[in-house]
1. At q = 0.14 Å⁻¹, work out log10 I(q)/I(0) for segment 122-223 with the Debye formula, treating every Cα as an identical point scatterer and leaving solvent out; two decimals please.
2. Work out from phi, with θ = phi - 60° and the Karplus expression 6.51 cos²θ - 1.76 cosθ + 1.60, the ³J(HN,Hα) of each residue of segment 168-174, listed in order in whole Hz, and give x for Gly and Pro.
3. What is the P(r) of segment 11-98, as percent of Cα-Cα pairs per 5 Å bin from 0?
4. For Glu114, what residues show an amide H to amide H distance below 5 Å, using hydrogens built from the backbone and excluding near sequence neighbours?
5. If N is the number of residues in the chain, what value comes out of its Cα radius of gyration divided by 2.2 N^0.38 Å?
6. Taking the highest mean first, how do the peptides 28-38, 135-145, 203-213 order by number of other beta carbon atoms within 10 angstrom per residue?
7. Can you give the accessible area per residue of segment 1-90, in Å², using a 1.4 Å probe?
8. Cα-Cα over 25 Å: which of Lys13/Lys122; Lys151/Lys234; Lys44/Lys122?
Amino acid sequence: MTKHTRLLVANWKSHKTSAEAQTWLETFRRRVTDLGPQLNSTGKPTMVVAPPFPFVPQTVAALVDVPHVSVAVQDISPFPAGKYTGAVSTRNLEGWPISHAIVGHSERRRYFHETNQEVANKVSVLIEAGITPIVCVDAEYVEQQADVIEKQLRSRCVVAYEPLAAIGTGVSQEVAEVLPVVDRVREAFGAQTAVIYGGSVTVDNLDAYLLATDGVLVGGASLDADEFMNLVEKAVSP
Ligand code: PGA
C-alpha cells in the first residue's frame, strides 16, 4: 500500500478557450462538491488541474476553496525572472497557489527540444519556489534524467512514467510492463519517490494503474470535465 496521497492530474495541454475552460471548471466544481462526503471518507485523492498559463487565474478563482483540489502549471522557465522573453518564471507565479508543475513532458522534449539538463534546472527552480515538480520520463532515460537532478532534490519530485507509445494513442501500457519501470524510477530518484503513470488512462483501465502506482497523469480523458470526474469517482469508489 502506498504512503502517498494518490494524484489524479488533468493535463489540458494547449486545448481550450477561456470560455471552454470556464465551463469545465464549473462542471468540475459542482461534481467535486457533490462528491464531498465520499472524498473525505476514502483514500482522499488529490485532483490536480493543469491548465494553460493564461487560464491559471480563472482556474485558481474557481477551485481555490475546493478541498482535495489543487492547481498546476504545465511548464516553467528554467531561468530566474529576467530577460527571457516568452518565458514564465516561478517569480511570475508568486502569490498564486500553484502546487505542482509538469516538466519534461515528452511533447516538450520532442517539439521544443528540451534536454534532461533543462528539465533538471526546472526542478531546481521549482523546488526553491515551493512547487512540486512532476517530472515526466520514458523508460529509456529514467536514470539519465535522475542523474542530472541534484541528488537531494530527486525524491522531492513526483515522477510521471509516460511511455511514448501510450500517449494520446488509446493504447495504454500493460501494468506488468509499468511495474519494473516504477521500480527503476524509485531506484534512481529515491525509494520514497511518488510515481504516477500517464498514457491513455481511461475509466476502464484506471484501477490497475492506481494499484500499481501513486496516481495518474491524464491528457485526453481530462478534457471533458464529466469524463475526468468519472475517473475521480472511480478512484474514490470503495
Ligand atoms: P493521454 O495523455 O492521456 O492523452 O495519453 C497523457 C499525457 O500526455 O500526459
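The values are calculated or read from the model by the stated rules, or taken from the named source; none is laboratory data. Since we're looking at a predicted model, the values are computed, not measured. Here Cβ is always computed from backbone atoms with ideal geometry, including for glycine, and neighbour counts include all displayed protein chains. For accessibility, only protein heavy atoms count, side chains too; no ligands or nucleic acids. Shrake-Rupley method; radii C 1.70, N 1.55, O 1.52, S 1.80 Å.
1. -0.50
2. x, 9, x, 10, 6, 7, 4
3. Once binned at 5 Å, the Cα pair distances of segment 11-98 give 3, 13, 23, 21, 17, 11, 7, 3, 1, 0.
4. For Glu114, the qualifying residues are Arg109.
5. On the way: Rg = 16.7 Å, N = 238, 2.2 N^0.38 = 17.6 Å.
Rounded to two decimals, the normalised Rg is 0.95.
6. 135-145, 203-213, 28-38
7. Heavy-atom accessible area per residue stands at 49 Å².
8. Values: Lys13/Lys122 18 Å; Lys151/Lys234 36 Å; Lys44/Lys122 29 Å.
Listed pairs above 25 Å: Lys151/Lys234; Lys44/Lys122.
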